[in-house]
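**Student:** Structure in structure tokens, see below.
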Amino acid sequence: MAQRTHASTLNWRSSGALGDLFEPHEEISVTLSKMNGKSIWGYSIWRIPEGQEWPDNDMSPNAFLQSAGTAERMTIELREISDDGTPRQYAIGRPGTAHGGQRSVPVQWAGAREVLVYPGEDFTAAQAAPVYISYYETGRVPAGYVLRELDLRAS
């Protein structure tokens, strides 16, 4: 088996090496399409740190791409660590997303949880898959996508 470079997490609690079930691109697409807001409501991928192998019980991601919601409507967030070590987290919007006015699009997950996002920050599984695949391949979201920094102190 080839050494795994990324891991994935479901519902912020169950993790595994990305590519153990299917080829990584297919696993990403299939998992996003199975998000139903109840039994599968959260998904993230993250790079396994250099020099570590899966599984390492002390492994915890500092940077990741994550979604919450359903295959029909989900959010995507990116968490990065800046050069000075400060974590930064962003809501991702499709190209052309504007951040004026009120956030008005509801995204629900885990039964009763809900967040309001701007139009353009809600994705279907098919729209989210290329963002995830780009992150898997390059560590970045595709060019043109809009990042809105989230206030991590507010959570």
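The values are calculated or read from the model by the stated rules, or taken from the named source; none is laboratory data. As the structure is a computational prediction, the values presented were derived from the model and not from experiment. Note: ideal-geometry Cβ built from the backbone for every residue, glycine included; neighbour counts use all protein chains shown. Quick note on the areas: whole protein, heavy atoms, side chains included, nothing else; ligands and nucleic acids left out. Shrake-Rupley method; radii C 1.70, N 1.55, O 1.52, S 1.80 Å.
**Student:** What is the set of long-range amide H partners of residue 76 at a cut-off below 5 Å, with H atoms built 1.01 Å from backbone N?
**Tutor:** 92
**Student:** Leaving out ligands, DNA and RNA, what percent of the accessible area of the chain is carbon and sulfur, probe 1.4 Å?
**Tutor:** 48
**Student:** Please give, to one decimal in nm, the separation of the simple spin-label points placed at residue 21 and residue 80, each 7 Å out from Cα toward the Cβ.
**Tutor:** If labels sit at residue 21 and residue 80, their model points lie 2.9 nm apart.
**Student:** Starting with the highest mean, order 93-105, 132-144 by the number of other Cβ atoms within 10 Å, averaged over the residues of each peptide.
**Tutor:** 132-144, 93-105
**Student:** Separate question: Could you give the dipole magnitude of the range 6-155 about its Cα centre, charging the beta-carbon of Lys and Arg +1 and that of Asp and Glu -1, in debye to the nearest 20?
**Tutor:** 660
**Student:** Apply the Karplus curve 6.51 cos²θ - 1.76 cosθ + 1.60, θ = phi - 60°, to the phi angles in the range 18-35 and return the couplings in whole Hz, x for Gly and Pro.
**Tutor:** My calculation for the range 18-35 gives 5, x, 6, 8, 9, 4, x, 4, 5, 4, 4, 4, 5, 5, 4, 6, 8, 5 Hz in order.
**Student:** Sticking with the crude label model, points 7 Å out along Cα→Cβ, report the distance from residue 94 to residue 50 in nm, one decimal please.
**Tutor:** So the two model labels end up 3.7 nm from each other.
**Student:** I've got another one for you. Residues of the range 66-155: accessible area per residue at 1.4 Å, in Å²?
**Tutor:** Value returned for the range 66-155: 54 Å² of accessible area per residue.
**Student:** Would you indicate which of (1) 26; (2) 23; (3) 19 is the value of percent of Cα pairs over 26 Å apart derived from the coordinates of this structure?
**Tutor:** Correct label, based on the coordinates given: (2).
**Student:** Still on this structure: Determine, from the Cβ-Cβ distance of residue 114 and residue 137 and an R0 of 35 Å, the FRET efficiency 1/(1 + (r/R0)^6), rounded to the nearest 0.05.
**Tutor:** 0.65
**Student:** OK, next. Arrange the residues 22, 123, 64 by how much accessible surface each exposes, largest first, with a 1.4 angstrom probe.
**Tutor:** Result, largest first: 22, 64, 123.
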